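The values are calculated or read from the model by the stated rules, or taken from the named source; none is laboratory data. Just so we're clear, the structure is a prediction, and the values are computed from it rather than from any experiment. Here the Cβ is made from the backbone with ideal geometry for all residues, glycine too, and neighbour counts use every protein chain on show.
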2 protein chains.
Amino acid sequence: MTDAQERNRRVTAADVARAAGVSRSAVSRAFTPEAYLDADKRRAILQVADELGYRPNAIGAALQGASSNLVAIVVGDTPSPFDKEVATALAAGLNAAGKYPIMIGGSQAVSRAAVSDVLRYPLDAMILRTGSLSPDFADACGKLGIPLISSGRIMDRPLVDNVCVQNEAGMEMITDLLLSRGHKAFGFIGGPSGFGSAGRRRAGMMQSLAKAGLDLTAEVTGDYTVQSGFKAVEALLAQAPVDAILCANDAMAIGAISGLRQRGLRVPEDVAVTGFDDVEMAGWPEYRLTTVRNPINDMVAAIVDLLEARINAPRRAGETRWLTPEVILRETH
Amino acid sequence: MTDAQERNRRVTAADVARAAGVSRSAVSRAFTPEAYLDADKRRAILQVADELGYRPNAIGAALQGASSNLVAIVVGDTPSPFDKEVATALAAGLNAAGKYPIMIGGSQAVSRAAVSDVLRYPLDAMILRTGSLSPDFADACGKLGIPLISSGRIMDRPLVDNVCVQNEAGMEMITDLLLSRGHKAFGFIGGPSGFGSAGRRRAGMMQSLAKAGLDLTAEVTGDYTVQSGFKAVEALLAQAPVDAILCANDAMAIGAISGLRQRGLRVPEDVAVTGFDDVEMAGWPEYRLTTVRNPINDMVAAIVDLLEARINAPRRAGETRWLTPEVILRETH
DNA sequence: CTGTTAGCGCATTCAA
DNA sequence: TTGAATGCGCTAACAG
């Protein structure tokens, strides 16, 4: 049994060097493909390293100046189905790019503290998927040299990169679709005003309606949850009868469909319903929701791309990537 | 402008010491609550540190022997809704405990490579939420001194901790419920054989059925997805008519409900359906699924608890925590 | 109470 | 091609 095992200590390059009868530098070189090292020697060292279960400690390397490959992802406190899909896809995409995503979430208080503490790590970047974050926070990141990438919401700050779907265009497209089907009395279930996306989506709808010479018939604000969509139906119908309900996201649309059915109304025969995001559940047989796709794969690709660009050029100007939405035709329009 | 900012370098304790006119150790002490340091001096140092945007670099501290506070979470390649809920809750729970979860996921190939590479970090622990992982992998963790916590599946290895819901008991409870309602012809939609949970759940059901002197009427194996539950209905009914369908998880139960409705069958009047896990969607108005709760909060609490216990006593024997399932009565039984 | 010193594991420079 | 020496940022032991 080796010394390292006896002491229950992690095996280090020095242990491998001792066991293989070479210098510590040789071990380091064995794990650096482009370093000069006799091929046989390298093989022998890697052999010994494998037997001992040695892997270079990333912490030592990071201290040396290497990239930490650590990336924080901050999600909101009550993640919607869409947020969860994004988090999963983002983690996979970062893994594929050789990065390690640290998830920050939980209640407002917990995540605020965690976000602040995670800055103690020399992160490659911080990815924001949450609505509001105090502006002095961006300064803190700047001082620490940690790049910020905002997704789903534009942060208009010097070195910050942004990735966002074209909310207005997407909502215009789906509003036009309903218009083309002859709908005239539109209800809207909007999102919380704190979210930038909610306002942009509403604006896109209003734009289309205005072009058609129509006004909104009824409007209710939800909180992006299924439950709020369900309850919004009653409030909406109390304002005026409608023949189409546009929702600012899929979760509320799903709730609205149930709310309508419970009142004996058929979707889409009596009232059409549309969503935004195209979450997995939108395609489930009970819903078959007509919606606007917020392309997660494109989002992940753009984030990974911006991340790599910024690592290569830390001082480059902030860039904004706009994702193209797409109308998904199913059976609720 | 300070030297550190000019060079776009992270501010270090040395920078703060220079700016505050104290020694580096004093700066270190200022950030260590229990260290001896004149109160005024500490205040002054923290003041300067704040202005400079300094935070102790966790990498340096970790190298020093401090815990890295980094914990890897490995999820499967095609996470179900339940997996996503677990991942979100686990991340939040770890954050609250001052730990930073690194998510590992994506395709089989990507996550295999990522899992191997992430071991370069001196992780506090690795949490496994995925089905199969080669056994030599546990050895690798052992050699590196990285504790393993397996959730949802028992890993019977010396120092490995486990957290798992009582699958058999849960399934027995819900089978008994259907039995007490007078159901006689049972169909079962099972999970993939690679998952330990699928077999245990089936066993619990068979146990209850045997006690009642009944046998299974029809059986189909799905892959834990909604789609597979939907398609399983046809195969099941082709075998024999049933008046109750038990499913090994909620996603398949949700699919089965839709499959039944599409064939003009009413749930639960014609056929009862039950699930397992109690995901968020199980409570949605279109489903109102009667199911067995797999208690996520308890799971997270147990994992955090085991993690802390193991950090305090790295050589303690592996412990298994059994979570208590609970039948959730809704409207499909 | 405080400054000086050593060493964590590593990659890399320098000198051979 | 190789080994010895250096320093990354930090904490803790030591000496004052």
Check your understanding: How about segment A:28-54: which of its residues are under 24 Å from B:Gly142 (Cβ atoms), more than 14 Å from every other protein chain (Cβ to nearest Cβ) and either part of a loop (DSSP other than H, G, I, E, B) or within 11 Å of DNA strand C (Cβ to nearest atom) (or both)?
Key -> A:Ala30
Review point. Which of (1) more than 13 Å from chain A (Cβ to nearest Cβ); (2) part of a helix (DSSP H, G or I) is the odd one out, the single condition B:Asn95 does not satisfy?
Key: (1)
Review point. Is it true that B:Val118 is buried (at least 17 other Cβ atoms within 10 Å of the Cβ), at the interface with chain A (Cβ under 7 Å from one of its Cβ atoms) and either under 18 Å from A:Met103 (Cα atoms) or without any contact (Cβ under 8 Å) to a residue 12 or more places away in the chain (or both)?
Key: yes
Point to revise | The listed residue being in contact with a helix residue (DSSP H, G or I) (Cβ under 8 Å, 6 or more places away or on another chain), within 16 Å of DNA strand C (Cβ to nearest atom) and free of Cβ contacts under 8 Å to residues at least 24 places away in the same chain, out of A:Gly65, A:Gly60, A:Gly98 | key: A:Gly60
Check your understanding: Exactly one of (1) at the interface with another protein chain (Cβ under 8 Å from one of its Cβ atoms); (2) within 9 Å of DNA strand D (Cβ to nearest atom) is unmet by A:Val11. Its number?
Key -> (2)
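With respect to B:Ala244, determine if the residue is within 14 Å of another protein chain (Cβ to nearest Cβ), buried (at least 21 other Cβ atoms within 10 Å of the Cβ), closer than 15 Å to B:Leu289 by Cα and modelled with pLDDT of 95 or more.
Working: within 14 Å of another protein chain (Cβ to nearest Cβ): no; buried (at least 21 other Cβ atoms within 10 Å of the Cβ): yes; closer than 15 Å to B:Leu289 by Cα: yes; modelled with pLDDT of 95 or more: yes.
In short, no.
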Study note, to complete from the structure: Apart from one, (1) touching a helix residue (DSSP H, G or I) at 6+ places or on another chain (Cβ under 7 Å); (2) more than 16 Å from DNA strand D (Cβ to nearest atom) all hold for B:Leu46; the odd one out is (2)
Check your understanding: Inside segment A:55-73, can you point out the residues that are among the hydrophobic types (A, V, I, L, M, F, W, C) and surrounded by 20 or more Cβ atoms within 10 Å (Cβ to Cβ)?
Key -> A:Ala58, A:Ile59, A:Ala62, A:Leu70, A:Val71, A:Ala72, A:Ile73
Check your understanding: Name the residues in segment A:121-154 that are within 11 Å of chain B (Cβ to nearest Cβ) and touching an Asp or Glu at 6+ places or on another chain (Cβ under 9 Å), would you?
Key -> A:Ile146
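Tell me which residues, restricted to segment B:293-311, are in a helix (DSSP H, G or I) and either more than 14 Å from every other protein chain (Cβ to nearest Cβ) or among the charged types (D, E, K, R) (or both). Show your work before the answer.
Filtering segment B:293-311 down to residues in a helix (DSSP H, G or I) leaves B:296-311.
Listed by number, the residues that qualify are B:Asp298, B:Met299, B:Ala302, B:Ile303, B:Asp305, B:Leu306, B:Leu307, B:Glu308, B:Ala309, B:Arg310.
Specify which of the listed residues (A:Asp270, A:Asp223) is assigned to a loop (DSSP other than H, G, I, E, B), away from chain B (no Cβ under 13 Å), under 25 Å from the mean Cα position of the chain (by Cα) and of a type outside the set (Val, Ile, Thr). Don't jump to the end; show me each part of the working.
On the way: A:Asp270 fails: under 25 Å from the mean Cα position of the chain (by Cα).
When all the criteria are applied, what remains is A:Asp223.
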Practice item. Looking only at segment B:243-264, decide whether some residue is more than 29 Å from the chain's Cα centre (by Cα), assigned by TED's automatic domain parsing to the domain that holds B:Glu172, assigned to a loop (DSSP other than H, G, I, E, B) and of a type in the set (D, E, K, R). Key: yes
